[in-house]
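The values are calculated or read from the model by the stated rules, or taken from the named source; none is laboratory data. In this text the structure is predicted, and so the values were computed from the model without any measurement. Cβ placement follows ideal geometry from the backbone for every residue including glycine, while neighbour counts extend to all protein chains displayed.
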Amino acid sequence: MAAIAVAGSALAQTPIERGSYLVNGVLTCGNCHTPRSPSGAWDMSKQLSGRPRTWDEVTFKVNAANITPDFETGIGKWGDADIKRSLLSGVRPNGAQIAPITPYGFYKVFTPADIGAVVAYLKSVPAVSNAVEPPVYKAAMHVDIPPGADKAMSEADMTDPAKRGFYLVTIGHCMECHTPLVNDVHDYAQLGKGGQPFPGPWGVAVSRNITSHPTAGLGAWSDAEIKSAITQGVRKDGTKLNPPMAFSRYATMTDQDLSAIVAYLRTVPPKE
């Protein structure tokens, strides 16, 4: 019955409500696409209008795009199919590839209903005029697709807590940060082992091992402790985790979805 309730919670929402839940919570789109005020807080008057930061990498230099429905500086001229294609395949309406800092390699698992909900929500947010510098592509770009994430999942999959947890962890691109990189490519043989450094105003945060290993990972953590880490940024020992993990956004997730994530993380092979 619990699994049925999990699936039903999504079905009870309108597409825009479901899209808001995903975009503002699970997907943490605002982490990159919403500008910040001088205090460092998100400037919600410019929600999703882009350019809070720049990524200057070996293969590209890009700014977070304006993904509001503004016709001149956002995606207002894009059709539903254009937006879906950009999210699922990383291709703009003009055929140009989007830099994989947008984790579209993780989005192929989207259920048809959820990708439709994301599109519906993005088209519903206020249009904000905010011109963002065009991307610069320097070389061919590698796109990671995590194991088991190469095709859409079904609504039937969502009735299984562990499968639903895998789905949420994947569209939330958790393993993008929590899997080691080797020569700028994710080493999925070490899925969930962590170890990536993230410098920022907080110093240097290192992504944690979230495998089921009993000491190096989360194997000895209770369900409640894992949920607290996700939504409040609190470790098992009570100390605080550092950004860039978006605890406040994950705090909007339902307990059913958090329980599904925990169920999946229990299945991730232990790595030390």
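The residue that is farthest from the chain's Cα centre (by Cα), among those in the stretch 142-183 that are within 20 Å of residue 114 (Cα to Cα) and among the hydroxyl-bearing types (Ser, Thr, Tyr), is 159.
Residues in the stretch 183-198 that are under 16 Å from residue 149 (Cβ atoms) and either in contact with a Cys (Cβ under 6 Å, 6 or more places away or on another chain) or of a type in the set (D, E, K, R) (or both): 187 alone.
Taken over the stretch 1-27, residues that are modelled with pLDDT under 95 and part of a helix (DSSP H, G or I) amount to 10.
Suppose the filter is within 23 Å of residue 170 (Cβ to Cβ), among the small types (Gly, Ala, Ser), surrounded by 15 or more Cβ atoms within 10 Å (Cβ to Cβ) and touching a residue at least 60 places away in the same chain (Cβ under 8 Å); does residue 65 pass it? Against the criterion (within 23 Å of residue 170 (Cβ to Cβ), among the small types (Gly, Ala, Ser), surrounded by 15 or more Cβ atoms within 10 Å (Cβ to Cβ) and touching a residue at least 60 places away in the same chain (Cβ under 8 Å)), residue 65 qualifies.
With a requirement of 3 or more residues that are surrounded by fewer than 17 Cβ atoms within 10 Å (Cβ to Cβ), the helices (runs of 4 or more DSSP H) lying completely within the stretch 167-272 that satisfy it span 223-232. Within the stretch 129-166, the set of residues being in a helix (DSSP H, G or I) and basic (Lys, Arg) comprises 163, 164. All of (1) part of a loop (DSSP other than H, G, I, E, B); (2) touching a helix residue (DSSP H, G or I) at 6+ places or on another chain (Cβ under 7 Å) hold for residue 51 with one exception: (2).
Restricting attention to the stretch 168-188, does a residue exist that is over 28 Å from residue 58 (Cα atoms) and hydrophobic (A, V, I, L, M, F, W, C)? Yes: the stretch 168-188 contains one or more residues that are over 28 Å from residue 58 (Cα atoms) and hydrophobic (A, V, I, L, M, F, W, C).
The rows are residues; the columns are (1) crowded, with 22+ Cβ neighbours inside 10 Å; (2) part of a helix (DSSP H, G or I); (3) free of Cβ contacts under 8 Å to residues at least 24 places away in the same chain.
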residue	(1), (2), (3)
88	no, yes, no
93	no, no, yes
99	no, no, no
106	yes, yes, no
117	yes, yes, no
123	no, yes, no
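Yes/no per residue for (1) surrounded by 19 or more Cβ atoms within 10 Å (Cβ to Cβ); (2) more than 13 Å from the chain's Cα centre (by Cα); (3) of a type in the set (Phe, Trp, Tyr):
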site: 17; (1), (2), (3): no, yes, no
site: 20; (1), (2), (3): yes, yes, no
site: 30; (1), (2), (3): yes, no, no
site: 34; (1), (2), (3): yes, yes, no
site: 37; (1), (2), (3): no, yes, no
site: 57; (1), (2), (3): no, yes, no
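On inspection, residue 148 does not qualify as buried (at least 18 other Cβ atoms within 10 Å of the Cβ), at positive phi, in contact with a helix residue (DSSP H, G or I) (Cβ under 9 Å, 6 or more places away or on another chain) and not hydrophobic (A, V, I, L, M, F, W, C). Hey, any hits in the stretch 31-41 for a residue that's at pLDDT 95 or above and assigned to a loop (DSSP other than H, G, I, E, B)? Looking through the stretch 31-41, none of the residues is at pLDDT 95 or above and assigned to a loop (DSSP other than H, G, I, E, B). Identify all residues within the stretch 241-266 that are over 20 Å from residue 17 (Cα atoms), over 17 Å from the mean Cα position of the chain (by Cα) and at pLDDT 95 or above; write none if there are none. 259, 263, 266 - these are the residues of the stretch 241-266 that are over 20 Å from residue 17 (Cα atoms), over 17 Å from the mean Cα position of the chain (by Cα) and at pLDDT 95 or above. For the stretch 38-53, a residue qualifies if it is within 30 Å of residue 139 (Cβ to Cβ) and free of Cβ contacts under 8 Å to residues at least 24 places away in the same chain, and the qualifying residues are 52, 53.
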